[in-house]
Amino acid sequence: MIDRRIATRVTERLSESPAVALLGPRQVGKTTLALEIGETVPSIYLDLESEADRAKLSDPELYLSGHQDKLVILDEVHRLPGLFQTLRGLIDKGRRAGFKSGRFLLLGSASIDLLAQSGESLAGRVSYLEMGPLDALEIDAQAMNRLWVRGGFPDSFLGRSDRSSLRWRQDFIRTYLERDVPMLGPRIAAETLRRFWTMLAHHQSGLLNAADFARGLGLDSKTVANYLDLLVDLLLVRRLEPWHSNSAKRLVKSPRIYVRDSGLVHALLGLGDEEAILGHPVVGGSWEGFAIETLIAAAPEGSVANFYRTSAGAEIDLLITLPGGELWVYEIKRSLAPKVERGFHHACEDLRPARRFVIYPGTEIYPMSSDIAVMPLQAAGQDLLARH
């Protein structure tokens, strides 16, 4: 399953930049997308987890200079961080020869090493894009609940049954903890990180309180902050920052935390089907995170996402500031008869947004009041796509 939106963006960026870095967790489909793009132009593909392909780059400048007329796709590029200096030289040499775009497509499973290395060596030469799991705009409306329950990793979503899908996600989590984290990040005991990741799933959509997590894990707050940074860098957790303004309102300063894929939330909590999820306290936070990921993915490039909360109780789940400054706000409800609290109205009085939405799991669009529209998630996402 290929995300046509991201495929179009990658193609556009390759026409403008000598190198494009496509970042996303493992198994979201980066390789499939890259190979499809590679079929449209002369290209070569190297998987840097393959010893044979790494051996080809024992003298990277010699090898890559022999393919300067092709798009070079380098998968799991963080496995060879020393390669970035060579890429920089080849890009600069190509620019002097008149090659200004479409030279390298770099695929990475994490932002940490890739961003650090390429930020140091490829500044001004690389364009970054992020590819996440499937979202609500990439499926039929009838499959919405299945996507929410199983999450957006294609192999999980397309599993033969809820049980096989859950097994896939459990294996995915184990692989990250036992293999990818030791390779990409600091040395952390797999069981400790699993406990922390599970605590985040229980806390889905809650405000970050590092001291509470630290007490639960028997660690200090700084270590917990480092663990959180790692999961954010691995593109597995979202840290949604609070709205800040110059008003006299006392605004909450802690970010909200979401495990980005709803299927991973459910797997971490051992919830294998919709019935189990609906009977669990995480149901509202899980649906909220699911909706937020879809809306952020649909927003135009350059948009900024926040939430709003004051000490007096005024609150909005998601604010999207569009390029140009127009503000759209979203309250997310897991109810077929959604209502908004007084705090939402107070927050709107503070913010004066251009548009106000309530997202719910129904199928109809209808006005809640003269200035608030109730919408299904897919319709709200399409509304944002229309602003591209």
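None of the figures in this text is laboratory data; all of them are computed from the coordinates on show. Remember, it's a predicted structure, so these values are computed and weren't measured experimentally. With ideal geometry, Cβ positions are generated from the backbone for all residues, glycine too; neighbour counts draw on all protein chains shown.
Could you state the number of Å between the C-alpha centres of the stretch 122-178 and the stretch 252-267? For the stretch 252-267 versus the stretch 122-178, the Cα centre distance is 15 Å.
Between Leu217 and Glu241, the distance separating the two model label sites (each 7 Å from Cα on the Cα→Cβ line) works out to 2.2 nm. Taking the square roots of 5 times each eigenvalue of the Cα gyration tensor of the stretch 4-130, largest first, gives ellipsoid semi-axes of 19, 17, 15 Å.
Assuming R0 = 41 Å, what is the FRET efficiency of Leu207 and Asp69, from their Cβ-Cβ distance, to the nearest 0.05? Present the calculation step by step, with values, prior to reporting the outcome.
Details: r = 53 Å, r/R0 = 1.29.
Efficiency, rounded to the nearest 0.05: 0.20.
With just the Cα atoms defining each centre, how far is the stretch 330-361 from the stretch 270-314? Give it in Å. Result: 14 Å between the Cα centres. The simple spin-label model puts a point 7 Å past each Cα toward its Cβ; for Arg160 and Val304 those points are separated by 5.0 nm. Principal-axis analysis of the Cα atoms of the chain puts helix 4-14 at an angle of about 40° to the longest axis. Compared with the alpha-carbon gap, the fully stretched path from Val252 to Asp171 is longer by 25.5 nm at 0.36 nm per residue. Holding the Cα-Cα limit at 26 Å, pick out from Lys222/Lys249; Lys222/Lys253; Lys30/Lys222; Lys222/Lys333; Lys30/Lys56; Lys30/Lys93 the pairs that are longer than that. Too far apart for the 26 Å limit: Lys222/Lys249; Lys30/Lys222; Lys222/Lys333; Lys30/Lys93. Within the set of other residues whose C-beta is less than 9 Å from the C-beta of Arg150, count the net charge using Lys and Arg as +1 and Asp and Glu as -1. Taking every Cβ under 9 Å from that of Arg150, the sum is +1.
Most simply put, the stretch 136-385 has about 65% antiparallel DSSP beta bridges, counting only bridges with both residues inside it. Which aspartates and glutamates, if any, have their Cα less than 14 Å from the Cα of Lys70, not counting same-chain residues under 8 positions apart? Counting by Cα, and skipping residues close in sequence, Lys70 has these aspartates and glutamates nearby: Glu39.
Normalised by the empirical 2.2 N^0.38 Å for globular proteins, what value does the Cα Rg of the chain take? Write out the running numbers ahead of the final one.
On the way: Rg = 21.9 Å, N = 388, 2.2 N^0.38 = 21.2 Å.
Against the compact-globule rule of thumb, the ratio is 1.03.
For the pair Ala379 and Thr11, label points projected 7 Å from Cα toward Cβ lie 3.1 nm apart.
Once fully extended, how much extra length lies between Arg96 and Lys339, figured as 0.36 nm per residue of separation less the alpha-carbon to alpha-carbon distance? Numbers along the way, then the final one.
Numbers: separation 243, 0.36 × 243 = 87.48 nm, distance 6.09 nm.
Contour length minus the Cα-Cα distance gives 81.4 nm.
Computed over neighbours whose Cβ is under 13 Å from that of Asp53, the net charge equals -2, Lys and Arg +1, Asp and Glu -1.
With contributions of -39500 (n - 2.57) from each DSSP H run of at least four residues, the per-residue ellipticity at 222 nm computed over the chain stands at -12000 deg cm²/dmol.
For the chain, the longest principal axis of the C-alpha atoms and the axis of helix 190-202 are separated by about 40°. Note the angle between two axes, namely the Cα long axis of helix 283-298 and the longest principal axis of the Cα atoms of the chain, as a number of degrees from 0 to 90, rounded to the nearest 10. Taking the Cα atoms of the chain, the angle to 283-298 is about 50 degrees.
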